[in-house]
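Asks: Below is a structure I'd like to ask you about.
All of the numbers you see were taken from the coordinates with simple rules; none came from a lab. Source: prediction; values computed, not measured. Cβ atoms come from the backbone with ideal geometry, glycine included; neighbour counts cover every protein chain shown.
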């Protein structure tokens, strides 16, 4: 599958924490899914489309400072692509 994705000129991305925020589980659940992760530098999947994201935004208000206190740096998808994807 990765070969086909690259053939199409796309960059495959993975994540280690799926917040399932699209299901609107509540900000506490979203927050816990990230902060309970044992990953040192988790790659967190969150969504910005598909309706109201008030739960996601509320969770981020707690997640970002907590991860920063652990020394984890936030970045966008495009930052991740340019810094971690290498050509074969």
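Asks: Could you please rank 22, 15, placing first whichever residue has the fewest other Cβ atoms within 10 Å of its Cβ?
Replies: 15, 22
Asks: Let me ask something else about it. How tilted is helix 54-69 with respect to the longest principal axis of the chain? Cα atoms for both, answer in degrees (0 to 90, nearest 10).
Replies: Approximately 80 degrees, to the nearest 10.
Asks: Also: What is the fewest-to-most order of 19, 56, 38 by other Cβ atoms lying within 10 Å of their Cβ?
Replies: By the 10 Å Cβ count, ascending: 38, 56, 19.
Asks: Something else: Can I get the semi-axes of the stretch 13-73's equivalent ellipsoid? Compute them from the C-alpha gyration tensor as square roots of 5 times the eigenvalues, in angstrom, largest first.
Replies: Its equivalent ellipsoid spans semi-axes of 19, 13, 10 Å.
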